[in-house]
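Beneath this line is the structure, given in structure tokens, with notes to follow.
Every number in this text was worked out from the coordinates using simple rules, so none of it is lab data. Since the structure is predicted, the reported quantities are computational estimates derived from the model, not experimental observations. No Cβ is skipped: glycine too gets one built from the backbone with ideal geometry, and neighbour counts run over all protein chains shown.
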Amino acid sequence: DSGVTQTPKHLITATGQRVTLRCSPRSGDLSVYWYQQSLDQGLQFLIQYYNGEERAKGNILERFSAQQFPDLHSELNLSSLELGDSALYFCASSVRGRAGNTIYFGEGSWLTVV
Amino acid sequence: DAKTTQPPSMDCAEGRAANLPCNHSTISGNEYVYWYRQIHSQGPQYIIHGLKNNETNEMASLIITEDRKSSTLILPHATLRDTAVYYCIVILTGGGNKLTFGTGTQLKVEL
């Protein structure tokens, strides 16, 4: 158990709909990352937040947005969903230790768009 | 961040050591080598990381060459549960740097 909690674990929704994925980072971790993993693609970095502010942006579509709240949990909002958005969405959080910055991943949210 | 090169797949007999290589010839002095693995559709799992010295923990050992241009992850006694995709990632030190995953090595542990 990494300590990163994601909900829901599975979600099925229709095209055109909007969903929200939630992530609770490890206790004390200030950074939250979101990744997408489709069947035919590897792990793609979407976006990172640090202590409530956007820190880095990857290949995140304009239909997707994220935020990190004062209690450090984060939400990834996916709107106008398309079939191609079906994927595993991972959240990760990081602890800044003595040597580098170790990132721990949650178990993911399976999104199926039908 | 420096690029890494890993073999696409490897096989290992259960109980034997699995040695997974990684080339990172363009690594810079303040970049760490991290290893993660992903067991089918589960969240990537942190294994170990190092800067220049060899490292060992309860999961694995990491051997980094003196010139730091390559490294080897060693699973001393591989089990069937170690079957996974293993990712070698080089990342700049400092807070909050994202991980960029390549294609990794698919390790298959067999009886």
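Inter-chain neighbour count for B:32-43: the average number of beta-carbon atoms from partner chains within 10 Å of each residue's beta-carbon is 4.
Counting other C-beta atoms within 10 Å, which of A:40, B:67 has the fewest, and how do the rest follow? Let's see the in-between values first.
Numbers: A:40 6, B:67 9.
Ranking A:40, B:67 by Cβ neighbours within 10 Å, fewest first, gives A:40, B:67.
Ranked for footprinting exposure by Cβ neighbours inside 10 Å, fewest first, A:114, B:90 give A:114, B:90.
Listed by chain and number, the lysines placed with their C-alpha closer than 18 angstrom to that of residue B:52 are B:3, B:69; residues fewer than eight positions away on the same chain are left out.
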